[in-house]
Amino acid sequence: MAIDLFGNWQSGKAYDYHTVSSTFLGTDERGHNRFDTTRSAMGQLVYRLKYSGDQTVLSEIVALLDDIKGVENFDCLIPIPATNKKRIVQPVDAIAAALGRRRGVTVLSGYLENTGNEELKGISDPVERHDRLRAAIRIVGGEQVEGKSLLLIDDLYRSGATLMIATDLLYDEGKAGKVCVLTMTKTRSNR
């Protein structure tokens, strides 16, 4: 199942939704909301990679992506940079590297940088979120992408704000010829 993603890129796809269902169970003793969540197959694999550092799932993730045709036609894959730099395994970099190997496409890990130190999930004001993201994301890689066909890779599509800013940078500063987007999963809401 591929889900179309719309933004300032030429075309975009999410492989699947992140969750199949989620039931609110109440709050725990620390006041955190608790849910009984069932994830899609891709959602569960991404969850294991992201939160358990389980790199054994990479081959399963890229095998599922075989359903997405045309990845091999891009000049470069560019992973969206991590916000949480404390993870031992950066899931998006790992997915992009595995996908690049499988499809024979150059991966420009580290081409984009996120200098922000905070997760922006809690910021609901779209203008504030955009301004903080725009200040944090920048091109740092020295590779020339002018006129090239680029595929941005991310693990989870929520609102698309990070992908839109990265796309703007690649067109405006990188002079890319074409920018498309591929995410592993998409949330059911954009909050």
Practice problem: Using the Cα centre as the reference, give the magnitude of the dipole from point charges on the C-beta atoms of segment 130-191 (Lys, Arg: +1; Asp, Glu: -1; all else neutral), rounded to the nearest 20 debye. | Solution: 320 debye
Quiz item: Taking neighbour counts of Cβ atoms within 10 Å as a proxy for exposure, in what order, fewest first, do VAL20, VAL107 appear?
Solution: VAL20, VAL107
Practice problem: Classify segment 54-174 as rounded, prolate or oblate from the Cα gyration tensor: take a ≥ b ≥ c as the square roots of its eigenvalues, call it rounded if a/c is under 1.5, otherwise prolate when a/b beats b/c and oblate if not. | Solution: oblate
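Are there trypsin sites (Lys or Arg not before Pro) in segment 1-76 that DSSP marks as loop and that have at most 11 other Cβ atoms within 10 Å, and which are they?
ARG30, LYS69
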Quiz item: Okay, helix-only estimate at 222 nm for the chain: each DSSP H run of n ≥ 4 adds -39500 (n - 2.57), divide by all residues, round to 500 deg cm²/dmol; what do you get?
Solution: -8500 deg cm²/dmol
Quiz item: Relative contact order of the chain: what whole-number percent is it, with Cα pairs under 8 angstrom and at least 6 residues apart?
Solution: 26 percent
Quiz item: Using Cα atoms only, what is the angle between the long axis of helix 126-136 and the major principal axis of the chain, expressed in degrees (0 to 90) to the nearest 10?
Solution: 50 degrees
Quiz item: Given labels modelled 7 Å from the Cα in the Cβ direction, how far is it in nm from ALA82 to TYR51?
Solution: 1.7 nm
Quiz item: In degrees from 0 to 90, rounded to the nearest 10, what is the angle of the helix 91-103 Cα long axis to the longest principal axis of the chain?
Solution: 50 degrees
Practice problem: Could you work out the relative contact order of segment 84-191, using alpha carbon pairs under 8 angstrom and six or more residues apart, expressed as a whole percent? | Solution: 26 percent
Quiz item: Can you give the angle from 0 to 90° between the axis of helix 161-172 and the longest principal axis of the chain, with both taken from C-alpha atoms, to the nearest 10?
Solution: 10 degrees
Practice problem: Can you list which of the chymotrypsin sites (Phe, Trp or Tyr not before Pro) found in segment 1-67 are DSSP loop residues with at most 15 other C-beta atoms within 10 Å? | Solution: PHE6
Practice problem: Would you give the gap between the C-alpha center of segment 1-40 and the C-alpha center of segment 43-86, rounded to a whole Å? | Solution: 16 Å
Practice problem: Please state the charge dipole magnitude for the chain, taken about the Cα centre, from unit charges on C-beta atoms (+1 on K and R, -1 on D and E), reported in debye and rounded to the nearest 20. | Solution: 220 debye
Self-check item: Dipole axis of the chain (+1 Lys, Arg; -1 Asp, Glu on Cβ), positive-most option in PHE6, ALA41, LEU133
Solution: ALA41
Practice problem: Treating only the Cβ atoms of Lys and Arg (+1) and Asp and Glu (-1) as charged, compute the dipole magnitude of segment 25-69 about its Cα centre; round to the nearest 20 debye. | Solution: 120 debye
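Just so you know, all these numbers are worked out from the coordinates, no wet-lab data involved. On a predicted model such as this, the values are computed, not experimentally measured, just so you know. Note that we place each Cβ from the backbone using ideal geometry, even for glycine, and neighbour counts take in every protein chain shown.
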